[in-house]
Amino acid sequence: MNSCTCGSSDRQSVRWPVQSLAWPKNGGVRLAVEYRYLNSFTVADAYPMVTVNEILNKMASAKYISLFDAKSGYWQIPVAEERQWKTAFVTRWPVRMDENAIRSKERRGYRAMKTILHPVRAFADTYVDDISVGSGQWPQHMCHVKQYLQVIGDASITLNLEKCDFGKPEVKLVGHIVGSGCRRLVLREPRL
């Protein structure tokens with residue numbers, strides 16, 4: 001799992017009573033850590049998140065849209081050295097997790113992605129870990145995608161190629177079909 005590092009913690013550095021659970025998933029191991037006690041002492045991050053409408057309106061007018069998915073979402077964002085002791089827990093092997101189980105993970109991750117995407121904000125935006133790049137003309141779109149990939153590469157963000165979509169006139173984004181002047185809600189089939 002790319003979200004933890006082994007060998008960097010010791011039993012004395014674990015100061016919070018946390019429980020952990022591991023189970024198999026997709027040929028690997030999914031690890032869950034209970035941080036409710038730590039969260040009761042954590043100050044919430046008040047970073048404002050963009051509304052879905054802002055992103056949908058921005059991408060609806062684009063003639064070409066590419067969608068990108070950050071692999072494992074916010075798990076790629078490292079914990080600051082001075083805060084790593086908060087996320088440590090004891091197993092047979094010393095492990096430190098990232099802060100994503102801690103309060104405000106979405107806002108912290110969103111803030112990080114907005115900071116990373118700041119140089120390309122005119123044509124790229126993010127909602128949670130889904131990033132969209134929209135352009136009016138094909139040559140412009142190729143240039144925008146190249147600039148976006150450079151920014152993401154410089155930040156060492158890994159993309160999940162299976163969930164990426166390139167140069168489409170319309171895409172499904174946050175439960176809507178957008179692009180080429182279109183914006184419509186995707187209605188779900190009722191569950192029986």
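The values are calculated or read from the model by the stated rules, or taken from the named source; none is laboratory data. Since the structure is predicted, the reported quantities are computational estimates derived from the model, not experimental observations. No Cβ is skipped: glycine too gets one built from the backbone with ideal geometry, and neighbour counts run over all protein chains shown.
Table: residues versus (1) charged (D, E, K, R); (2) farther than 22 Å from residue 54 by Cβ; (3) surrounded by 15 or more Cβ atoms within 10 Å (Cβ to Cβ).
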{"residue": "148", "(1), (2), (3)": "no, no, yes"}
{"residue": "154", "(1), (2), (3)": "yes, yes, no"}
{"residue": "161", "(1), (2), (3)": "no, yes, no"}
{"residue": "170", "(1), (2), (3)": "yes, no, yes"}
{"residue": "176", "(1), (2), (3)": "no, no, yes"}
{"residue": "179", "(1), (2), (3)": "no, no, yes"}
{"residue": "186", "(1), (2), (3)": "no, no, no"}
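Of the residues screened, residue 105 is not one that is among the basic types (Lys, Arg) and at pLDDT 70 or above.
Screening residue 53 against (1) at pLDDT 70 or above; (2) in contact with a strand residue (DSSP E or B) (Cβ under 7 Å, 6 or more places away or on another chain); (3) polar (S, T, N, Q) leaves a single unmet condition, (2). Residues considered: 178, 151, 145. Of these, the only one that is at pLDDT 90 or above and not in a helix (DSSP H, G or I) is 178.
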